[in-house]
Structures are given as structure tokens and as C-alpha cells.
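Chemist: Supplied in C-alpha cells, the structure appears directly below.
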Amino acid sequence: MSGIKKLAGQTMWYGVSSIAVKFIGYLITPLLTYSSHVKIADFGRQGLLYSTIPVLSIIFTYGFETAYFRFSAKPEYKKSIYSTAFLSILFSTVIFSLILWYCRSSLAVITGFPDIPQIAQFTIFIITIDTLNKIPLARLRQEERPLKYAFVNISGVFVMISLVWFFVNYCPAQIAKDPQSWVSSFYDNNKNPIVYVAFANVIQSIVTLLLLGKEIARVRLIFNTKLWKEMMIYAMPLLIVGLGGIVNETFDRLMIKAWLPGTEEFRNEQVGIYNACYKLSLLITLFVQAFKMGAEPFFFKQAEGQNPQKVYARVMKFFVIVVTTMFLAVSLFLPVWSRLIGENYRSGLAIVPVLLIANIFLGVYYNLSIWFKLTHRTIAGTYITLIGTAITIGINYFFIPLIGYMAGAWATFFCYGTMMVICYKWGQKAYPIPYVTKKMIAYGVIVLLLFFIHKGITYFIPQVYFSLSLGFIFLSAYVWFILLVEKKEFKKLPIIGKYIR
């Protein structure tokens with residue numbers, strides 16, 4: 001239980017900082033969707049841009065983060081693994097960045113901004129600098145220093161948000177009041193605002209790099225060739241897993257743009273609506289990402305102890321309890337969460353519950369995937385991810401022309417759901433873990449019943465205040481039910497246990 005408490009605390013800090021690391025777009029969404037200077041189509045193109053960056057980031061890091069966690073636990077490699085991993089990433093980043101710079105015109109087309117080549121250049125800078133940050137950040141996680149990790153990323157995101165607000169809201173307002181305002185010396189009101197968003201992201205990456213100066217200074221000119229080869233063999237399947245995962249997570253925007261009938265302006269607008277509403281699943285998404293950051297090094301360390309399978313099973317149960325509660329907290333209060341995006345984007349709110357469940361499936365999959373990482377059968381993750389990718393592409397290809405961006409949400413749902421089931425079935429044969437499967441499924445069924453009952457009642461009584469009041473009653477009832485069923489477990493937690501008799 002002490003290990004689980006520690007994981008919970010680290011997940012909280014990673015949760016705060018993961019906003020900066022993985023989902024920076026969530027924080028700028030209200031700034032952009034409420035801004036009169038940003039068109040819906042341009043917000044859609046911005047979504048395409050931030051769908052491309054993670055794909056390139058996976059290629060640039062080629063699974064070395066997870067490999068770093070796996071091999072840092074081996075005593076014979078503790079002195080050389082950090083420098084070996086960083087130097088490998090440094091050398092490959094230089095090569096990849098030069099190739100990307102040479103192909104920057106093609107990158108501009110892929111990212112949706114062929115008319116603004118400057119955005120492609122900023123994109124290359126973002127990917128390059130962020131890649132150099134990966135191993136130092138991984139070291140902070142491996143050394144269990146979530147406070148420093150959070151500080152670094154929160155500082156970066158503060159800079160990013162401040163600059164986005166300054167360029168997208170403040171500067172245009174000043175120019176409107178006075179065309180000769182002091183901001184006119186560096187701000188071009190005729191430029192697409194997304195240029196300044198990308199520039200702000202570059203500054204955020206640089207700030208993060210500078211704050212990691214001490215960690216980077218610890219790199220030595222030590223390169224363990226034997227270790228590097230072992231890490232590459234371990235990491236290569238994870239590269240495919242990472243690429244497939246990113247395709248499943250972000251390529252739906254690119255597929256909507258490519259396969260949706262209509263004018264380019266209409267398709268960009270549909271991507272913009274989908275991209276904005278997708279971000280309303282942020283509560284679960286951020287928790288899943290935060291949990292992954294804390295759980296990955298935690299799981300590897302637990303593997304060295306006695307009966308780690310029991311710990312993994314308990315972690316999974318607590319995880320399911322948290323995400324099912326979060327599902328109700330978002331889906332039953334959607335009128336409140338929808339205020340995070342502009343009114344013109346709210347026509348796509350129907351995708352939010354579907355994406356919430358999809359991200360629960362993804363989080364469960366992250367828990368289950370520990371079996372092939374511990375047993376060095378990472379190729380299994382490749383096969384599972386490729387199956388998920390095929391489902392994503394297939395559903396989007398056939399159904400986007402028929403039901404538009406709704407196909408993207410259902411593709412994500414079936415993709416992650418299938419990956420979760422396959423990973424569970426395969427893992428229980430190769431590395432059995434005593435999950436309380438029936439109980440966790442029961443929790444999932446209960447929250448779905450509460451959601452549909454709430455939806456049915458509010459269909460006939462559509463008043464917002466009634467909907468929110470009923471949602472509060474249902475959420476409270478579920479929390480009470482969980483505390484009752486898991487009373488013994490929660491009594492062991494110091495924060496909650498003292499309130500439970």
C-alpha cells in the first residue's frame with residue numbers, strides 16, 4: 001500500500017505537469033476558440049499541426065524513454081546509461097533535424113500550412129528542442145523527483161500561455177485602438193495568429209531546456225556500446241508501438257481533413273470543431289497521461305520486489321475507480337465543461353462521452369501493457385498497436401464520408417477497446433496478474449447505466465439546472481457506493497481512511 005500511496009502522489013504532480021508536456025493545446029483552446037481573430041478553419045489547421053508534431057517526436061525519440069527506465073534498474077549500467085541515452089538522442093536529433101529542414105516544404109503541406117512556411121520552421125525547432133529535453137525529464141521521473149519535473153514543465157507552460165494570450169488577444173486589441181501602438185514594431189496584424197502560437201511553443205521548449213541545465217550538465221562523454229545495442233533491440237518494437245499509438249490518438253484530424261467531402265474551408269472547420277470538443281475529454285486524458293508517467297518507472301521498480309503482480313492488480317483497481325468517477329464528473333456536467341470552448345464549436349459535443357470511454361480503455365491498456373515490457377516481449381505491443389491502427393484507419397476511411405467527425409470518435413473507441421481486450425487476454429497467458437476483472441467491469445456498467453438514465457431523464461426535462469442537480473446526485477451516489485464497497489481498501493489510505501468508519 002505504501003508503494004501505491006507514493007504512486008498516487010507522484011501521479012498528482014505528473015498530472016499537473018503533463019498539461020504542459022502532452023496537452024499544451026488544451027490550455028490554449030479557450031484563448032483561441034473565444035478569440036475573434038482566430039477563424040474556425042485556422043483552429044482546425046492548428047489541430048492538424050499538433051497532430052503531426054507527436055508523430056515526429058516518436059520517431060526522434062525511438063522508444064528510448066521506456067528503454068531508459070528498463071535498463072536503469074540494472075546495477076552494471078547505472079553509471080553509463082544516462083550519458084549513453086542522451087548522447088544517442090543528441091546525435092540522432094541532429095541528423096533527423098537536418099533531414100526535416102531539407103524537407104520543410106513537404107512538412108508545411110502535411111501540417112496544413114503550405115501558405116505559411118514559417119510555421120514549418122517553428123515546428124522543426126519545437127520537435128528538436130523537445131527531443132533534447134526527453135532524457136533529462138526521464139531522469140527526473142526515474143529518480144522520483146516529480147516536484148522538479150512539475151516545476152520545469154509548469155514554468156514552460158506559464159510562458160507559453162502568457163505569450164499566446166499576449167499575441168492572440170492583447171496585441172490585436174492594441175493595434176485596433178492605435179495602429180501605431182508600441183506592439184506594431186514587432187507584431188504583424190495581418191499574419192495568421194497560429195504563427196504566434198507556434199512561436200510561443202518554441203519559446204516554451206527553450207525555457208524547458210534551460211531549466212534542465214543541471215541535468216544536461218551531468219552528461220559525460222561516456223558511451224556504452226553494449227548497452228546501446230541492448231537498448232535499441234528493446235526500443236525498436238516500442239517505436240512501432242509509439243507510432244501506432246500516435247496514429248490512433250491524433251491522425252483522426254488528418255483523416256477527417258482528407259476523407260470528408262466538401263470544400264477545404266468546410267473540412268478545416270469540421271476539424272476545428274472536432275479538435276475543440278476532443279479536448280473536453282481532457283480530465284481523463286490528462287489523468288491517464290499523468291498516471292503513465294508515474295506508473296512506468298514505478299512498475300519496473302516493483303518488478304524487483306516480491307509478488308509484484310498483486311501490486312499491479314491493486315493499482316489497476318484504484319485506476320478504474322478514479323477514471324469511472326471522472327467519466328461521470330465530465331459527462332454529467334457537460335454544460336459546464338463546454339464553456340471551455342467557444343459557442344461556435346459546441347455542435348460537436350456528442351463525441352465527448354464516446355472519447356471519455358475510449359480514453360478509459362487506453363488507460364486500462366497502459367496498465368495491462370506492463371506484462372510485455374517486463375518480459376521483454378515488446379513485439380507483442382507492436383502487434384496489438386498495429387491491430388488498433390488498422391481499426392482506426394478502416395473505420396475512419398469508411399465512415400467519415402457518411403457521419404463526419406463522429407466516425408473519428410467511434411474509431412478511437414473501438415481501437416482502444418480492442419487493444420485493451422487483446423492485451424488482457426494475451427497478458428493473462430504470458431504473465432498472469434490477479435485483476436479483479438468482474439468487479440471492475442461492474443463499476444464500468446454502473447457508470448454507463450447512470451449516464452444513460454441521466455441522459456434519458458434530461459431529454460424530457462432539458463433544463464440546465466435540473467440536469468446539473470441530477471448529475472450531482474448520481475455522482476455522489478456512485479462515490480458513496482464505491483466507498484461502501486471498497487471500505488477496507490480506503491481505510492488504509494491516510495487521507496481518506498480517517499473519515500471512514
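Chemist: Order these by the 10 Å Cβ neighbour count, fewest first: F333, F474.
Modeler: Ascending number of Cβ neighbours within 10 Å: F333, F474.
Chemist: Quick one: compute the contact order of region 342-433, relative version, from alpha carbon pairs under 8 angstrom and 6+ residues apart, as a percent.
Modeler: Normalised by residue count, the contact order of region 342-433 is 42 percent.
Chemist: If you plug each phi of region 132-144 into the Karplus form 6.51 cos²θ - 1.76 cosθ + 1.60 with θ = phi - 60°, what whole-Hz ³J(HN,Hα) values come out, in order, with x for Gly and Pro?
Modeler: 5, 7, 4, 5, x, 5, 5, 5, 4, 5, 5, 7, 6
Chemist: Given +1 on the Cβ of Lys and Arg, -1 on the Cβ of Asp and Glu, and no further charges, what dipole in debye does the chain carry about its Cα centre, rounded to the nearest 20? Mind showing how you got there, number by number?
Modeler: Numbers: 46 positive and 21 negative charges, 438 e Å.
With Lys and Arg at +1 and Asp and Glu at -1, about 2100 debye.
Chemist: Using modelled backbone amide H atoms (1.01 Å from N, in-plane), which distant-in-sequence or interchain residues come within less than 5 Å of R220's amide H?
Modeler: Those lying under 5 Å, H to H, from R220 are S83.
Chemist: Return the whole-Å distance between the Cα centroid of region 423-456 and the Cα centroid of region 365-400.
Modeler: 19 Å
Chemist: Straight distance only, please: which aspartates and glutamates reach the Cα of K79 with their own Cα at less than 20 Å, same-chain residues fewer than 8 apart left out?
Modeler: K79 reaches E65, E143, E144, E215, E230, E304.
Chemist: Quick one: M419, M232, M255, fewest Cβ neighbours within 10 Å first, how do they rank?
Modeler: M232, M255, M419
Chemist: Could you pull out every one of the aspartates and glutamates with an alpha carbon less than 19 Å from that of K455, ignoring same-chain neighbours closer than 8 positions?
Modeler: none
Chemist: Can I ask one more? Determine ³J(HN,Hα), in whole Hz, for all residues of region 190-206 in sequence, where each value follows from phi through the Karplus function 6.51 cos²θ - 1.76 cosθ + 1.60 and θ = phi - 60°; x replaces Gly and Pro.
Modeler: My calculation for region 190-206 gives 8, 6, 4, x, 5, 4, 6, 5, 5, 5, 4, 5, 4, 4, 4, 5, 5 Hz in order.
Chemist: Let me ask you something else. Rounded, prolate or oblate: which fits region 321-444 when a ≥ b ≥ c are the square roots of the eigenvalues of the alpha-carbon gyration tensor, with rounded for a/c under 1.5 and prolate only if a/b beats b/c?
Modeler: In terms of gyration-tensor shape, oblate.
Chemist: Sticking with this structure for a sec: Using the Karplus curve 6.51 cos²θ - 1.76 cosθ + 1.60 with θ = phi - 60°, what ³J(HN,Hα) values do you get for each residue of region 435-447, in whole Hz, with x for Gly and Pro?
Modeler: 5, 8, 4, 4, 5, 5, 5, 4, 4, x, 5, 4, 5
Chemist: Specify whether the C-alpha gyration tensor of region 2-497 places it in the rounded, prolate or oblate class, a ≥ b ≥ c being the square roots of the eigenvalues: rounded for a/c under 1.5, otherwise prolate if a/b is larger than b/c and oblate if not.
Modeler: Verdict is oblate for region 2-497.
Chemist: Right, here's the next one. Mind sorting W228, W182 by how few other Cβ atoms lie within 10 Å of their own Cβ, fewest first? Before the final figure, lay out each step's value.
Modeler: Working: W228 19, W182 10.
Fewest-to-most ranking of W228, W182: W182, W228.
Chemist: Helix-only estimate, please: 222 nm mean residue ellipticity of the chain, summing -39500 (n - 2.57) across DSSP H runs of length 4 or more and dividing by its residues, to the nearest 500.
Modeler: -26500 deg cm²/dmol
Chemist: For region 116-274, count the residues as N, evaluate 2.2 N^0.38 Å, and divide the Cα radius of gyration by that value, please.
Modeler: On the way: Rg = 20.3 Å, N = 159, 2.2 N^0.38 = 15.1 Å.
That ratio works out to 1.35.
Chemist: Which order do the peptides 378-388, 361-371 take when ranked by the mean count of other beta-carbon atoms within 10 Å per residue, highest first? List each step's numbers first, then the result.
Modeler: Details: 378-388: 20.6, 361-371: 23.8.
Listed from highest to lowest mean packing, they are 361-371, 378-388.
Computed from the coordinates by the stated procedures, all read-outs in this text should not be read as laboratory data. All of these numbers come straight from a predicted model, not from anything done at the bench. Cβ: placed from backbone, ideal geometry, glycine included. Neighbour counts: every protein chain shown.
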